[in-house]
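Everything below concerns the one structure shown next.
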Amino acid sequence: MEQEYDIKSVLEYYILAGVDETVDEIPFTLTSETVKTVVAPLIMPKKQTTSSPSNIRQATTELAQETASAYKSAREVCEQAHTLKELRKAVENFDGCALKLTAANMVFGDGNPNAKVVLIGEAPGADEDRCGIPFVGRSGQLLDKMMAAIGLDRSAYYITNILPWRPPGNRTPTTGEIAVCLPFLRRQLELINPDYILLLGGSSANALFDNQEPISKLRGRWLEYKKNNGKTAKALATFHPAYLLRNSGQKAKAWADMLKLHKEIVDK
Ligand code: URA
């Protein structure tokens, strides 16, 4: 007789066993021969036979070369894209970032393509990966409320991320992944040509401004983003809504940032 399982217990068992992520519709074991030879090399870092300094140097050089060539091809692809629609298609077809292999969907920007305000997050989470739309999960819902409080909804702004694909298990993106995908973000900014940029969290501020400053130091200060038309957009960093969900005591500071953005827009 077929054994009946209580789905909740099975899922709890998976979580206890460390299985907290799905990467495909059909389950597979990473020890099976097909997966070992076909899938694993695509999603796992290459194994070193020995870790002698020359092997490490060679692997580092290879990785740097792969990243540099993927970055170059991302820039070329961007130059050919003259509208957001063309850019979306180009990102969809781009194979230079391995995150595409584990993501369910590419998550491109959403909202008003002629917006004066662009919001930038780090990377799609599980909900965004499922729907292919940025900021639709819990942090997105909080963000919607924060923006609504200063009178803006998605018909008034455009929202996107540094990365168009979800890093597996929401891990921190590598500097290589950020470098390769940055041309896509910069091209979106060129095509939209906003007056204001709201940077959600330290990662997006660090990536766009190529610095290492912590968000606690960056937030609440106006920065200047140089656009390709020679003009500048005023950029303001604030806490990421996911951080605010975990640290509600910081919401007052985020609210002060929202008011600062609002005042600037209204006073213009
Ligand atoms: N967090 C982000 O940074 N971006 C999203 O799209 C969702 C959550």
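No value in this document is a laboratory result; all are computed from the given coordinates. Being a predicted model, the structure only gives us computed values, none of them experimental. So basically every Cβ, Gly included, is an ideal-geometry build from the backbone, and we count neighbours across all protein chains shown.
Observations, loosely collected:
- Exposure proxy for ASP110, ASP95, ASP127: other Cβ atoms within 10 Å of each Cβ, ordered fewest to most, give ASP95, ASP127, ASP110.
- For the stretch 192-217 versus the stretch 74-126, the gap between their alpha-carbon centres in whole angstrom: 18
- Point-charge dipole on Cβ atoms (K/R +1, D/E -1) for the chain, about Cα centre, debye to 20: 1300
- Selected from ARG88, ARG57, ARG166 as most flexible by GNM, with the chain as the system and alpha-carbon contacts under 10 Å: ARG57
- Cut-off under 5 Å, modelled amide H: who pairs with GLY137 long-range: GLU128
- Reachable lysines from LYS263, criterion Cα separation under 27 angstrom, eight or more residues apart if same chain: LYS116, LYS145, LYS217, LYS226, LYS227, LYS231, LYS234, LYS251, LYS253
- Burial ordering of ARG154, ARG246, fewest other beta-carbon atoms within 10 Å first: ARG246, ARG154
- Ascending count of other beta-carbon atoms within 10 Å, so fewest first, for HIS240, HIS262, HIS82: HIS82, HIS262, HIS240
- Within the chain, helix-based [θ] at 222 nm, where runs of 4 or more DSSP H residues each add -39,500 (n - 2.57), nearest 500: -14000 deg cm²/dmol
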